[in-house]
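Peer 1: The structure that follows is given in the form of structure tokens.
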Amino acid sequence: MTSATQAPNAPARTLPNRPNMVSVGTMVWLTSELMFFAGLFAMFFTLRSTQPEMWAEYSARLDITLATIITVILVASSVTAQFGVFAAERHQPRRTGSLMNIKNWGMVEWYILSFLMGAIFIAGQTFEFAELVSHGVAVQTNSFGSAFYITTGFHGLHVIGGLIAFLYVIARAYFSVKFTHKEASAAVVISYYWHFVDVVWIALFGVVYILPMFV
């Protein structure tokens, strides 16, 4: 009788709160990407230290104005992507009102805007590459050309990968019968990647464009 009486009052057993394995896997992968870009930065600084005069000469040919504009656009796209995350977390895939009523936008609208900003960044970077090549600065020209195109080019490829991921998440939201936790998780991990790409570019912008102005 005593054990039967105490049974209902026994504390309920709770399962441990496990982390989202998709998010954990994304973080681990981004760590490996961080090491990859660390190697590119090491290459850039090593080559720069061997020929500082050449670096000063060719760095002056870079379009700092264009680079600043597309940098601001890319950083702003990280903000719009985060608003998309907020919408995904409240399970709002699409807008609930007029397109002009931004406060009622869903994940899709915010991610489309982020995609467009990222596409503008790639267009600006492609234009700068074309201008440099037309003025005789190509990947095979010298060590500066090799370091510049490899570092910024690999970053550009990562941005393109992020744009494809945005399209995937947007299409998934459109074609899913119901916007579930799986769709929301996919949107969140894409934002992790996009924020990572933006932070890497800020570092590249500082090293490639700003540092030569002072050193």
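Peer 1: Among the numbered conditions (1) in contact with a Phe, Trp or Tyr (Cβ under 8 Å, 6 or more places away or on another chain); (2) closer than 21 Å to Gly153 by Cα, tell me where Ala119 comes up short.
Peer 2: Ala119 satisfies all of (1) in contact with a Phe, Trp or Tyr (Cβ under 8 Å, 6 or more places away or on another chain); (2) closer than 21 Å to Gly153 by Cα except (1).
Peer 1: Can you tell me how many residues within segment 115-143 are crowded, with 17+ Cβ neighbours inside 10 Å, more than 27 Å from Trp55 (Cβ to Cβ) and either without any contact (Cβ under 8 Å) to a residue 40 or more places away in the chain or of a type in the set (A, V, I, L, M, F, W, C) (or both)?
Peer 2: Of the residues in that region, 2 qualify.
Peer 1: Check whether at least one residue in segment 144-154 is open to solvent by 10 Å² or more (accessible area, probe 1.4 Å) and polar (S, T, N, Q), and report yes or no.
Peer 2: Looking for residues that are open to solvent by 10 Å² or more (accessible area, probe 1.4 Å) and polar (S, T, N, Q), one finds at least one in segment 144-154, hence yes.
Peer 1: From the set of residues in segment 163-193 that are in a helix (DSSP H, G or I) and aromatic (Phe, Trp, Tyr), which is nearest to Gly106 (Cα to Cα)?
Peer 2: Step one: of segment 163-193, the residues in a helix (DSSP H, G or I) are 163-175, 181-193.
Next, only the ones that are aromatic (Phe, Trp, Tyr) stay: 166, 168, 174-175, 192-193.
Numbers: Phe166: 14, Tyr168: 16, Tyr174: 12, Phe175: 15, Tyr192: 18, Tyr193: 20 Å.
Ranking the qualifying residues of segment 163-193, first place goes to Tyr174.
Peer 1: If you don't mind, there's one more thing I want to ask. Limited to segment 163-215, what total is found for residues that are more than 24 Å from Arg90 (Cα to Cα), buried (at least 17 other Cβ atoms within 10 Å of the Cβ), under 13 Å from the mean Cα position of the chain (by Cα) and not charged (D, E, K, R)?
Peer 2: Selection size over segment 163-215: 3.
Peer 1: Do any residues in segment 40-56 that are within 15 Å of Phe154 (Cα to Cα) have Cβ atoms under 8 Å from those of residues that are open to solvent by 70 Å² or more (accessible area, probe 1.4 Å) and modelled with pLDDT of 95 or more, where the two are at least six apart or on different chains, and which pairs are they?
Peer 2: Every condition considered, the pairs that remain are Leu40/Phe154.
Peer 1: Continuing with this model, one more query. When you go through (1) in contact (Cβ under 8 Å) with a residue 24 or more places away in the chain; (2) buried (at least 19 other Cβ atoms within 10 Å of the Cβ) one by one for Arg61, which number turns out not to apply?
Peer 2: (2) is the only condition that Arg61 fails.
Peer 1: Please work out which one of (1) open to solvent by 30 Å² or more (accessible area, probe 1.4 Å); (2) more than 17 Å from Ile64 (Cβ to Cβ); (3) of a type in the set (A, V, I, L, M, F, W, C); (4) modelled with pLDDT of 95 or more is the condition Val159 fails and give its number.
Peer 2: In the conditions (1) open to solvent by 30 Å² or more (accessible area, probe 1.4 Å); (2) more than 17 Å from Ile64 (Cβ to Cβ); (3) of a type in the set (A, V, I, L, M, F, W, C); (4) modelled with pLDDT of 95 or more, Val159 misses (1) alone.
Peer 1: If a residue must be open to solvent by less than 70 Å² (accessible area, probe 1.4 Å) and either among the acidic types (Asp, Glu) or assigned to a helix (DSSP H, G or I) (or both), how many such residues does segment 19-58 contain?
Peer 2: Here the count works out to 22.
Peer 1: Here's another thing I want to ask about it. If Ile112 satisfies all but one of (1) in contact (Cβ under 8 Å) with a residue 24 or more places away in the chain; (2) of a type outside the set (Ser, Thr, Tyr); (3) open to solvent by 80 Å² or more (accessible area, probe 1.4 Å), what's the number of the condition it fails?
Peer 2: Among (1) in contact (Cβ under 8 Å) with a residue 24 or more places away in the chain; (2) of a type outside the set (Ser, Thr, Tyr); (3) open to solvent by 80 Å² or more (accessible area, probe 1.4 Å), Ile112 violates only (3).
The values are calculated or read from the model by the stated rules, or taken from the named source; none is laboratory data. Keep in mind that what you see is a predicted model, and the values were worked out from it rather than measured. Note that we place each Cβ from the backbone using ideal geometry, even for glycine, and neighbour counts take in every protein chain shown. Side chains are part of the model used for accessible areas, which takes the heavy atoms of the whole protein and leaves out ligands, DNA and RNA. Shrake-Rupley method; radii C 1.70, N 1.55, O 1.52, S 1.80 Å.
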